[in-house]
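Coordinate-derived values only; no laboratory data. Computed from a prediction, not measured in an experiment: that's the story for all the values here. Every residue, glycine among them, receives a Cβ derived from its backbone with ideal geometry; neighbour counts consider all protein chains shown.
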Amino acid sequence: MAALDQAETPDADTREIGDVLLRVDRISLYFGGVRALNNISFEVREHEILAIIGPNGAGKSSMLNVINGFYHPQEGTITYRGKTRSRMRPYQAAAQGIARTFQNIALFKGMSTLDNIMTGRLLKMHQPFWMQALYWGPAQREEIEHRKFCEEIIDFLEIQHIRKTPVGRLPYGLQKRVELGRALAAQPTLLLLDEPMAGMNVEEKEDMCRFILDINEEFGTTIALIEHDMGVVMDISDRVVVLDYGRKLADGPPDSVRSDPAVVSAYLGVGHD
Amino acid sequence: MSRQAVAVAPDLVATTGGEILDTFPKLLVHHAAVRGHRTAIREKEWGIWQAWTWAQVRDEVRWLACGLADLGFRRCDKLALIGDNRPRLYWGITAAQALGAVPVPMYQDAVADEMAFVLDHAEVRFAIAEDQEQVDKLLLVKDRVPKLEWIIFDDPRGMRKYRHPALIAVDEVRARGQAFARANPGFFEGELAAGKGSDTSIILYTSGTTGQPKGVMLSYDNVRITAANAVERDGLNDSDEVLAYLPMAWVGDHVFSYAQAYAAGFAINCPESGATVMTDLRELGPTYFFAPPRIYENLLTTVMIRMEDAAWIKRKMFHYFMEVARRVGLRILDGETVSWQERLLYGLGRLLVYEPLKNTLGFSRIRVAYTAGEAIGPDIFRFFRSLGMNVKQLYGMTETAVLVVMQKNGEVRPDTVGTPCKDVEVRITETGEVQFRCPGVFQAYFKNPEATQSAKTEDGWFLTGDAGYFDDDGDLKIIDRAKDVGRLNDGAMFAPKYLENKLKFFPFIKEAVTFGDGRDHVAAFINIDLTAVGNWAERRNLAYSGYTDLARRQEVYDLIQKNVEQVNRDLAADRHLSGSQIKRFLILHKELDPDDGELTRTRKVRRRFIAERYADLIEALYTGQSNCQVDAEVTFEDGRKGRIHADLELRDAAVVEVANRDPGRLRKAG
């Protein structure tokens, strides 16, 4: 029987970190005279969880914005799935399997949880607009298929009880979860999370950690996240990139980053006595 | 015997192939044959109600049973079921029963250690767990329960990495069962036929407020006959719908959602998750509903809060028609005569308020609803009944398969629990203890003969430990635990919890402690409800600095005195309890608190502890003083201790003189 045939080691890690999925190479980004990113290079590998950390203004969100085509860096290249490019529009990034959530939640406040998540399926819908409006034939079948997918996400994120609630009425922690749901609806290869746990209490953080790990394990989604909570970062990420004033300070497994003196003085703080 | 001739639906009296339908698996096969296309069970999943017909359920149960047999599950083995109400767990119960094994449903929120006790005590060999959470708990204690061989899980989510040799997915068991059924035709039917009504059908562990939980063994006859009698009494049939949302390990769910569904052939509906119960309730609109008083109370609070936020015209309309309902609704429901003007007004109220409100709550189609477990506040009870919703009370316990005393339509009072069901004998002992002999009286506590002996007599009477009596209408009234019931010096019966509950039903009173056993009269400590009384004080421009200050105000004492005297008037009308009216009371200077050991963590009054701690106050209540100094230690939330000094006023409350009262003589009934 299957359960017995498997290796005797319980809880074996079946997830394998693969090839390079995304490589950013010598990226520099200016806003007028302000250097937001200065010659940054790093890689994201398939199926890994990469954390980007750094003090406020270090350029973390700018980095995510560059990756999903929201900002266009003046220098450097981005290689995603083997294709190198210097400029890309956000919708092209989305079409290629990059989805993200935002630091300040960017949901449609007046729409229900379900409808918000359905918008994540938009790029996967192929029937013409008027067919969808008539909700007939192939358009109906397509909608049912997408609805089923979204229901699976709702089940996965345990938000059945707010399926029909307008997201504007939801508490912050749940809105974050809905936003994650919308990103998942696009079936991303690479998921960018901008401070997924900001402003949450301990219990909500634990839930969110669990979901991030489950997404990574169940769907094999590669995740790059920005987070300030060091406990969370050290717990869930495979690798950590540290930024400070647009420069890269360190890049490596959590343990080595934690003990790096440059990181400690810039971010974690040193005793001044 | 007459007990076997249970009149439910005509087809259920009949026998199949000369055989009596005396077990649930046999009933399942019967339903599949007679109403195979009707819905037996629904579960909300992916946002939609998924349904299975009786015929489909029979197949699922057959495959699951065969799968279990294939894994080595045998007659008399124990199958634990842990999780929310899920179709597969209900099928698991029937599948185990089909094999002559005994299902043991367990509370899904129990921590691993509590689970270990039950798993070990019940000698569980197989377990069906709903999801990863339950599997984790089982794996945690597996080493301590060596008899546990297989953990079957329903929802595979998050368990991709699990490689424990004892784990197996329910779908795999089902697939093995299909193969097994093909290879062994007639196996399932053979096992089914070997079951009989006197076999143990289930072991339900009581939650055990004191000491370790006890496993109550109920036979098929216990559960089936009791359920069928209640089905007959309320005229339930196969078109009814219930929502299965209470814990499966609780006898209430087992009887209402499982046994009665089999007895009447109606459909049970599993909500999507614990958080969606209220939404699912509304979508479904059940016709038959059971809830503990707490749920009705929460619903009423929600309605009231939402009405406060409603537009003024709706608010006015609501309050006006609720007043009409209070006047007229109960009388209509009880079948009394009502003038045509009142009937017209009530009809208008139904159109404008009652029906829309019931629709919002999901109660539009309710034919019968029950509450039990503890005393329900008369206001809450009247609210739902005045809307035209037939809420009734019942009384019972795990050891009697619940349904022993129920209220009849048209004979519903807030403070009694009704009349005995069919085949139920009731007797009340000299000490006032209520005892039952009925088809539902359990077989024994599993592996606990001492407990069985002290709860059940040789000739089949179950000793409830509850004190009660029959009132003049022949309705049973439960007043307290028998061991807590005392006597005043003049011999009058004193039931502290009954008095305290009566006091606590007033919104201004949060807690009450009454004394009287071995005394000349009854006296009470009162805790005011700071929110309610505070609100009341604000509306009267009464400034106060905190609980202690508010509690000693003359105005507050006047307010509470009115409540106490109302209780006395109610008691005076009761032949048995008129002697235990409250003569003196005081309002405590601090709130009773679990941190100070005055309440248990579940907020039950620890009467003996309080009596010791406040001995001076009690003395003062019985010596006629009008004031008493008190100095008490309190524990703050951070663990520090402090002292509160106060000068408490002691008040007399008016007592209604009753001539010719019966000092608690209890008549026998049967």
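Some points to look at:
- A helix-only calculation puts chain B at -10500 deg cm²/dmol for mean residue ellipticity at 222 nm, using -39500 (n - 2.57) for each DSSP H run of at least four residues, averaged over all residues.
- Potential lengthening between B:Leu330 and B:Met159 on full extension [0.36 nm per residue; Cα-Cα distance subtracted]: 56.2 nm
- Backbone geometry of segment B:121-127 corresponds, through the Karplus equation with coefficients 6.51, -1.76 and 1.60 at θ = phi - 60°, to 3J(HN,Hα) couplings of 5, 7, 6, 5, 9, 10, 9 Hz, x marking Gly and Pro.
- Shape class of segment B:179-278 from the Cα gyration tensor (axes a ≥ b ≥ c, square roots of the eigenvalues): rounded, since a/c falls below 1.5.
- DSSP bridge orientation in chain A - percent antiparallel, rounded to nearest 5: 55 percent
- Judged by the mean number of other Cβ atoms found within 10 Å, the most tightly packed of the peptides A:169-179, B:52-62 leads the ranking B:52-62, A:169-179.
- Diffusion coefficient of chain A by Stokes-Einstein, Kirkwood radius over Cα pairs, 4 °C, 1.567 mPa s: 65 µm²/s.
- Note on B:Arg365 and B:Lys316: their simple-model spin labels are 3.7 nm apart, each label 7 Å out from Cα toward Cβ.
- log10 of Debye I(q)/I(0), alpha-carbon scatterers only, for segment A:50-190 at 0.12, 0.16, 0.19, 0.20 Å⁻¹: -0.58, -0.95, -1.17, -1.23
- Segment B:467-569: relative contact order in percent, alpha carbon pairs under 8 Å with at least 6 residues between: 18 percent
- Paramagnetic reach from B:Asp520 (point 7 Å along Cα→Cβ, amide N under 15 Å) across segment B:606-621: B:619-621
- Think of segment B:435-538 as a dipole: +1 on every Lys or Arg Cβ, -1 on every Asp or Glu Cβ, centred on the Cα centre; then among B:Thr514, B:Ala495, B:Thr464, B:Thr464 lies furthest on the positive end.
- Over 23 Å [Cα-Cα, segment B:384-474], rounded percent: 29 percent
- Average partner coverage of A:210-217, which counts Cβ from other chains inside 10 Å: 1
- Gain upon complete extension [B:Lys147, B:Arg481; 0.36 nm per residue less C-alpha separation]: 116.5 nm
- Shape call, segment B:291-389: gyration tensor on alpha carbons, a/c limit 1.5: oblate
- Cα long-axis angle, helix A:172-185 against chain A (0 to 90 degrees, to the nearest 10): 70 degrees
- Peptide-level mean, for A:156-168, of C-beta atoms on other protein chains within 10 Å: 3
- For segment B:473-517, the residues whose amide N sits under 20 Å from a probe point set 7 Å from the Cα of B:Arg569 along the beta carbon direction are B:499-509.
- Cα-based shape type of segment B:2-284, given that a ≥ b ≥ c are square roots of the gyration tensor eigenvalues and the cut on a/c is 1.5: rounded
- The protein assembly as shown: radius of gyration and largest Cα-Cα distance (Dmax), Å: 32.8, 102
- Full extension of the chain segment joining B:Leu352 with B:Asp593 gains 82.3 nm, where the gain is 0.36 nm per residue of separation less the Cα-Cα distance.
- Highest-first arrangement of A:130-143, B:244-257, B:360-373, B:458-471, where packing means the average Cβ count within 10 Å: B:244-257, B:360-373, B:458-471, A:130-143
- Taken as Cα centroids, segment A:66-99 and segment B:508-583 sit 72 Å apart, rounded to the nearest whole angstrom.
- Computed label-point distance, nm, for sites A:Ser41 and A:Arg89 using a 7 Å Cα→Cβ extension: 3.1 nm
- Packing here is the average count of other Cβ atoms within 10 Å per residue, and on that basis the peptides B:175-182, B:304-311, highest first, run B:175-182, B:304-311.
- Rounded tilt (10° steps) of B:87-98 against the dominant C-alpha axis of chain B: 70 degrees
- Dimensions of segment B:410-554 from C-alpha coordinates, computed as largest minus smallest value along each principal axis and given longest first, are 64, 39, 36 Å.
- For chain B: relative contact order, % (alpha-carbon pairs under 8 angstrom, 6 or more apart): 9 percent
- Rounded to the nearest 20 debye, dipole of segment B:498-616 from Cβ charges on Lys, Arg, Asp, Glu: 240 debye
- Calculated translational diffusion coefficient of chain B (25 °C, 0.890 mPa s; Stokes-Einstein with Kirkwood radius over alpha-carbon pairs) equals 90 µm²/s.
- Percent RCO, i.e. relative contact order, over segment A:88-216, from Cα pairs under 8 Å lying at least 6 residues apart: 44 percent
- Separation in nanometres of the label points that stand 7 Å from Cα toward Cβ, at A:Glu158 and B:Arg182: 3.9 nm
- Degrees between helix A:202-219 axis and first principal axis of chain A (Cα, 0 to 90, nearest 10): 70 degrees
- Counting Cβ atoms of other protein chains within 10 Å of each residue's Cβ and taking the mean over peptide B:160-168 gives 6.
- Selected from B:Ala524, B:Tyr370, B:Leu138, residue furthest toward positive end of dipole (the protein assembly as shown; charges at beta carbon): B:Tyr370
- Looking at the protein assembly as shown, the DSSP beta bridges with both ends there are about 60 percent antiparallel.
- The P(r) of segment A:94-138 has a tail past 15 Å containing 58 percent of all C-alpha pairs.
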